[in-house]
Amino acid sequence: MTNILSQHDLDIIAAQLGRAPNGINAIAHYSPNGTPQVLEMETWVFDQPFPTLYWLSSKAIDKALAKIESQGVVKELEQRIKEDETLREAYYASHRDYVARRWEVMSDEHKAIIEEKGFKPLFEKLGIGGIANWGQIRCLHMQYAHHLAGDNVIGRILDEEYGIRAVADAE
């Protein structure tokens, strides 16, 4: 799943982000053309817990998702989660996948720090993007990053209903 960070990847990521990247553990997903799109982040950055495991670095996907977000899709999806038990259970499963992956890729050193400082319950509770309320969506970018790197029902909806995969694959 993850790859070693090359200078070439770091240069692309710096251009995508508009700054030098910090706290990257690995590249979690590349486009079919080899462009980094999702970063797997460290869980302890700048002496602080960082519960966001997957960070979307793609400008093209970012722009497409921002357009969708500006049209109120987050609230619409939250309503669908609230009303549709099957979707809600799939969404909770996405959060569980995220939590499990985050702990699985965490270094032993970071696990020890997080346990010692009493943050382990937060890392077991906070879902995609560090959200505590699993019935809400913090942002589509974090959902889609998880989709590309893991298993996320919101990301699948974004592909099926909004054509985001075509944007991702074109990069």
Unmet criterion (only one of (1) modelled with pLDDT of 95 or more; (2) in contact with a Leu (Cβ under 9 Å, 6 or more places away or on another chain)) for Thr43: (1)
Spans of helices (runs of 4 or more DSSP H) in segment 102-171 with at least 2 residues over 16 Å from Ala60 (Cα atoms): 108-116, 120-125, 140-149, 153-162
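Table: residues versus (1) crowded, with 16+ Cβ neighbours inside 10 Å; (2) of a type outside the set (Val, Ile, Thr); (3) closer than 16 Å to Ile81 by Cα.
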{"site": "Ile131", "(1), (2), (3)": "yes, no, yes"}
{"site": "Gly135", "(1), (2), (3)": "no, yes, yes"}
{"site": "Cys139", "(1), (2), (3)": "yes, yes, yes"}
{"site": "Gly150", "(1), (2), (3)": "yes, yes, no"}
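Conditions tested, residue by residue: (1) under 27 Å from Asp169 (Cα atoms); (2) surrounded by 15 or more Cβ atoms within 10 Å (Cβ to Cβ); (3) in contact with a strand residue (DSSP E or B) (Cβ under 8 Å, 6 or more places away or on another chain).
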{"site": "Thr43", "(1), (2), (3)": "no, yes, yes"}
{"site": "Ser58", "(1), (2), (3)": "yes, yes, yes"}
{"site": "Arg88", "(1), (2), (3)": "no, yes, no"}
{"site": "His95", "(1), (2), (3)": "yes, yes, no"}
{"site": "Arg101", "(1), (2), (3)": "yes, yes, no"}
Evaluation of Ala145 against (1) without any contact (Cβ under 8 Å) to a residue 60 or more places away in the chain; (2) closer than 15 Å to Trp55 by Cα (one fails), failing number: (1)
Segment 63-86, residues that are of a type outside the set (Lys, Arg) and either modelled with pLDDT under 95 or surrounded by fewer than 17 Cβ atoms within 10 Å (Cβ to Cβ) (or both): Ala66, Glu69, Ser70, Gln71, Gly72, Glu76, Glu78, Gln79, Glu83, Asp84, Glu85, Thr86
Selection count where residues are more than 12 Å from the chain's Cα centre (by Cα) and either closer than 17 Å to Ala90 by Cβ or buried (at least 22 other Cβ atoms within 10 Å of the Cβ) (or both), scope segment 152-171: 9
Every residue from segment 69-87 that is touching a residue at least 24 places away in the same chain (Cβ under 8 Å) and more than 17 Å from Leu158 (Cβ to Cβ): Lys82
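Can you find a residue in segment 108-115 that is over 18 Å from Val38 (Cα atoms), crowded, with 17+ Cβ neighbours inside 10 Å, aliphatic (A, V, I, L, M) and within 14 Å of the chain's Cα centre (by Cα)?
no
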Single unsatisfied condition, Asn22 versus (1) farther than 17 Å from Ile131 by Cβ; (2) crowded, with 16+ Cβ neighbours inside 10 Å: (2)
Residue in segment 151-158 that is modelled with pLDDT under 95, closer than 16 Å to Val38 by Cβ and of a type in the set (D, E, K, R) present: yes
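Each row is one residue, and each column tells you yes or no for (1) under 17 Å from Ala100 (Cα atoms); (2) touching a residue at least 60 places away in the same chain (Cβ under 8 Å).
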| site | (1), (2) |
| --- | --- |
| Ala14 | no, no |
| Ile27 | no, no |
| Thr35 | no, yes |
| Trp44 | yes, yes |
| Asp47 | no, no |
Yes/no for Ile13 being under 16 Å from the mean Cα position of the chain (by Cα), more than 23 Å from Leu126 (Cβ to Cβ) and at pLDDT 95 or above: yes
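The values are calculated or read from the model by the stated rules, or taken from the named source; none is laboratory data. In this text, all values refer to a predicted model and were calculated from it rather than measured experimentally. Cβ coordinates were reconstructed from backbone atoms using ideal geometry, including for glycine residues, and neighbour counts include every protein chain displayed.
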